[in-house]
Every structure is written in C-alpha cells, then in structure tokens.
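Below is one structure, written out as structure tokens; the observations come after it.
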Amino acid sequence: MVGQQEFVLALDIGSSSVRAGLFDRTGRLVEGTGQRVPYRLETGPDGRAELDPHLLCERIELLLDRVHATAPAPVCAVGISCFWHSLVGLNGQGEPTTPVTMWADTRAREVAARLRSAFDAMAHHQRTGGYLHPSYPVARLAWYRSLGSPEWRSSTYWCSFPDYLFRRWTGALVTSISMASGTGLFDTWRLAWDAETCRVIGIETEQLPVVTDVGQQLRGRYTKRWPKLASAVWYPAWGDGACSNVGSGAVGGDRVTVMIGTSAAVRVLWKGVPVSVPWGLWLYRLDGDHVLAGGALSEGGNLIDWIRQRFALPPEEELWERVSKVADGAEGVRWLPTIAGERSLRWPVDAVATLTGLRLGHDGVVILRAALEAVACRLADVLDALMAIRPEIGTVIASGNALQGTPGWLQIVADALGKTLLVAPDPEASLRGAALVTLARVGDQPLENLARAEIAEWARVVPRPDVTVRYRRIRAELRALAEGLERAVEAEGS
C-alpha cells in the first residue's frame, strides 16, 4: 500500500528522450523531481532506425541518478512506460548482441512481404493484434534469420529494449503482457506467446522473455547506487500508448485519444474482453484486464521536424503566423506523408512519402501546412475505422507534445475529424499514466477510479463544419492517391 509519505517513481522511455519523476499517492508530480535526458535515433538511407542499447541504458541511469537525488523519501514502487515494437538480441549472459531496432526501421520490408505469403496474414492479425510488417519485431526477427548474420547466431534470447533494461536492474528476463502484445508474436486473446508464429519465423518460445506482470526487486550494485529505490517494487514496462491513454484520462470505451508526438495514433482503452478488429487497426493490452485498440501513423512531429530541417522557412517568430494564413486545403498541395513507412490503415510493407500538387508559387510554408493537414486527415480515417467497432465513443481527447505545441494543429485536427477536441492538461501523458498504473497496482484499487479524469473544465477546440466538409474531400483525394501509387508500384514490380 502507498503510505501517506511514500511516492512512486515513473519513467517514460521515448524514441528521442527519457523522462522521469516522483508522484504522490494522488497521482501528482512532486515539484522539483521531474527530469529529462535526450538522445538521438540513428537512421540511414537503407531504412535503419536504431538506438545503441549501452548508450541508452547510460542515459536512463543518469536520469535515475538525478531523480534519486531529489527524492524526499523512499520510493515504494517504480512504473515504466516505454515505446512498443523494439527488438534487441541478447547472448547467454544477457548482454546485447544487436542494436535496438525500432518501429521506424524498414529494412525488413522484403522479408515482411514474404511472410505474408508464408502465413495466413489475416489469421495472424486476429490472433496477435499485430501485422507482418517491418514495424513489428516478428518481421525483424525473420529478417535477422534471413541474413544468417553473426548477430543471429550469437543471440540466445530476443526481447524488447525495456526487457533488457529490466534484466540489467533486477536479473529477471521478463516482459509484461502489455509489452509482449506489441510484438506480433503474442496471442492477445490467450495471453501467451503464439507458437505458430514462432515456428514459422524459426525461434523457440523459450528464447523470449517470461510473460508476467508481477513486480520484481532491484539487485546488486543498483541497490547501492539508488538506496531510496532498493525496497521498491519494480514493475515490467508497459506500452507507452496504453500509458498515454491512462495519463490523458481516456479510460473507458466511450473515450478516445488522438495523440501526436513523434508519431501519431488514435486509441481507445477499456476494461473487458478483446474484440475482433478489422485490417487497418491493431489490438494490444495494458494488462490482463485492459484492452487497447486503435491505429498508428508513422508520421507526426517527426514529419514537421523533417520539413523544418530541409525546406527554406521563415524565422520562428513569423513561421506559424504565415502557416495560419494559408487557406484550408494548402492551395492544392497534397502529402502522402509516410517518410518512415506506412502503418494504419493500409499497412503496406514498403511505402514511401509523396508530395504532389506543387506549383512555382508554392514555398516551404505551404508544404508545411499541407503536412499538418495530411496527418490530420489520416487520423480522421483511423478514427472512423475505430468508431465502427466502438460506436459508443463520444469524447475525443487530444494529447501529445507535437499536437499541443504546434500552433494551429489542434484546430486542423478538430476540423478534419469533425469532432470537438478536449485538450488533456498534462502533455506528459505517458509519464503520468505509468505513475497511475503503478499506484493502482500498489494501492490495490481500480485503475478507472484513479485515471478516469473529470473533463468538464478542460479546454475545447470546436470544429468548423464548412472546413470539415472540405477536409472530407481532401481525405478522399489522399486515399485515391495512395491507392493509385500502390497499384503503380505493384505494376512496376510485376
């Protein structure tokens, strides 16, 4: 139980930084304990998207040093939110044999295409909630095997990055139901590794972590390094998307989050049994009781950053004012913005970005405006698909640093969705979500009691009906463009 003067520590491990802080028993961040350490995703023209596991561990442990120094009292429990879909190989001693490959890594695209021939892709999707797609560890495992690389031969175990981190700290190679559910290797209905998938890609289930949500204890030198954490219960990491819903107050089948951070997603989290989701959406878990369904885009704030690095744009103080003056529809400029490949709704294994409709008079400002609209329109398509299986959705909660921090984007998203957005007051939703899930565990109380926030006083962004009509036409144009390009690529390859 959380005592009156005890705290929980929450970590949120993202693709570009890690955040941490202490939270009291009401779920509030303890003033002065919030810390952040950045790092950089390493990418390459071959589709590589990796993190160095040793460097990443060093950065995270440095962050814990800082938080530990601010802790006013011993911590009773530690909860971790971490990116889904990562993969790292370990040798027999539990040390990394590969970099950490991330969801944005597309090098397994050809192998993923072959897997779709070897598998019943639809049946695999229904069992695992995931896809035979480069974003998932299932495809990257098959890719490593196809290479016959030294990394494949020297790897005794395969796991997600937070599983390796957890083993480093506790000695136990375990993973949570939540983290396992994002691999494409896990049966989200039976809550066990999917033996058929493992057999086809050539690994044994014994090479994967033990699946458990039971907390562990810190070990060895770390108990001396962080004495205020030594007696804490350390829970295996949960997926950041599920934690984001919790931290945004979007718990229950009637609430959905629209999140734009580095990437983007639309998600609904409920307590109960899974549902069959159509091709285009995924189905993961927070734990054995809570199910998460939704769709994800590979682009979000990363696309905006990419444009700002490569196009001539005015200084920051005038950039967003000029973007706001571009008429809805971006003067006919259209993005298929899949610079990191495509996930929902089509899930092709080898998508690239496309920019069309350009004229001599267009500049980087118009291109940036078109990118904001493209992401918003694609999110609207995902929301429509999600509402087909969860028609009770009535509240749309907006979260994510990119969405809330980019001037004008909230209005564009509201217009594209045709829905009023309620703006989550805490932009660090995944961090707060990890704290709330931890508090529910140690306090033995329903998560819904802690996380289902009162939203009556939240800021609202109301859609403009005439603009929503315009965006419906643009959404249709973007779908037609995607379908046309997909046919052209297929014809070229035949």
Legend entry - Mean Cβ count within 10 Å, highest first, over the residues of peptides 456-462, 171-177: 171-177, 456-462
Inset, instruction - Kindly write out, for region 274-280 in residue order, the coupling ³J(HN,Hα) from the Karplus curve 6.51 cos²θ - 1.76 cosθ + 1.60 (θ = phi - 60°), rounded to whole Hz, with x marking Gly and Pro. - result: x, 10, 6, 9, x, 4, x
Legend entry - Ratio of the Cα radius of gyration of region 57-96 to 2.2 N^0.38 Å, where N counts its residues: 1.58
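For region 203-313, compute the orientation-averaged projected area of the C-alpha convex hull (one quarter of its surface), in nm².
For region 203-313, averaging the hull's shadow over all directions gives 12.2 nm².
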Legend entry - Contact order normalised by residue count of region 276-374, Cα under 8 Å, 6+ apart, percent: 32
Inset, instruction - Specify the inter-centroid distance of region 172-248 and region 452-475, based on alpha-carbon positions, in whole Å. - result: 36
Inset, instruction - At 7 Å along the Cα-to-beta-carbon direction for both Asp24 and Arg473, put a label point, then send me their distance in nm to one decimal. - result: 5.4
Inset, instruction - Tell me which residues come under 5 Å, amide H to amide H, from Leu11 once H is placed; ignore anything under 5 positions away on its chain. - result: Gly79, Ile80, Ser81
Legend entry - Derived scalar couplings ³J(HN,Hα) [region 355-363; Karplus, 6.51 cos²θ - 1.76 cosθ + 1.60; whole Hz; x for Gly, Pro]: 10, 9, x, 6, 10, 4, x, 7, 9
Inset, instruction - Per residue of region 200-208, in order, report the coupling 6.51 cos²θ - 1.76 cosθ + 1.60 (Karplus, θ = phi - 60°) as ³J(HN,Hα) in whole Hz, putting x for Gly and Pro. - result: 5, 8, x, 10, 9, 4, 5, 7, 9
Legend entry - Farthest toward positive dipole pole in the chain [+1 Lys/Arg, -1 Asp/Glu at C-beta], among Gly14, Ala351, Thr338: Gly14
Inset, instruction - List the extent of the Cα atoms of region 391-447 along each of their three principal axes, largest first, rounded to whole Å. - result: 41, 29, 12
Inset, instruction - Mind giving me the FRET efficiency for Gln207 and Gln93? R0 is 22 Å, r the Cβ-Cβ distance, nearest 0.05 is fine. - result: 0.90
Legend entry - Nonlocal amide H pairs with Ala264, under 5 Å, H built at 1.01 Å: Leu297, Glu299
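Quick one: with all protein chains in place, what share of the accessible area of region 38-101 is carbon or sulfur, to the nearest percent (1.4 Å probe)?
About 52 percent, which is the carbon plus sulfur part of the accessible surface.
Which net charge results for the neighbourhood of Asp363, defined as the other residues with beta-carbon distances under 12 angstrom from its beta-carbon, given Lys and Arg at +1 and Asp and Glu at -1?
That works out to +2.
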Inset, instruction - Could you state the accessible area per residue of the chain in Å², with a 1.4 Å probe and every protein chain left in place? - result: 38
Inset, instruction - Would you tell me the accessible area of Ser430, worked out with a 1.4 angstrom probe on the heavy atoms of the protein chains, in Å² to the nearest 10? - result: 20
Legend entry - Estimated inter-spin distance, Arg145 and Leu481, nm [label 7 Å along Cα→Cβ]: 3.8
Legend entry - the chain - convex hull of the alpha-carbon atoms, volume per residue in Å³: 142
Legend entry - Largest to smallest accessible area among Phe83, Phe7 [probe 1.4 Å]: Phe7, Phe83
Legend entry - Modelled FRET efficiency - R0 30 Å, Ser117 with Ala388, Cβ distances, 0.05 increments: 0.55
Legend entry - Within region 272-343, chymotrypsin sites (Phe, Trp or Tyr not before Pro) in DSSP loop having at most 15 other beta-carbon neighbours inside 10 Å: Trp279, Phe311
Inset, instruction - Just grab the label-to-label distance for Glu31 and Gln309, each label 7 Å out from Cα along the Cβ direction, in nm (one decimal). - result: 3.8
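Carbon-plus-sulfur fraction of the accessible area of region 363-445, 1.4 Å probe, in percent?
On the way: 1020 of 2130 Å².
Its accessible area is 48 percent carbon and sulfur atoms.
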Legend entry - Point-charge dipole on Cβ atoms (K/R +1, D/E -1) for the chain, about Cα centre, debye to 20: 200
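The values are calculated or read from the model by the stated rules, or taken from the named source; none is laboratory data. No experiment lies behind these values; they were computed from the predicted model shown. Cβ coordinates were reconstructed from backbone atoms using ideal geometry, including for glycine residues, and neighbour counts include every protein chain displayed. In case anyone asks, the SASA skips ligands and DNA or RNA and just uses the protein heavy atoms, side chains included. Shrake-Rupley method; radii C 1.70, N 1.55, O 1.52, S 1.80 Å.
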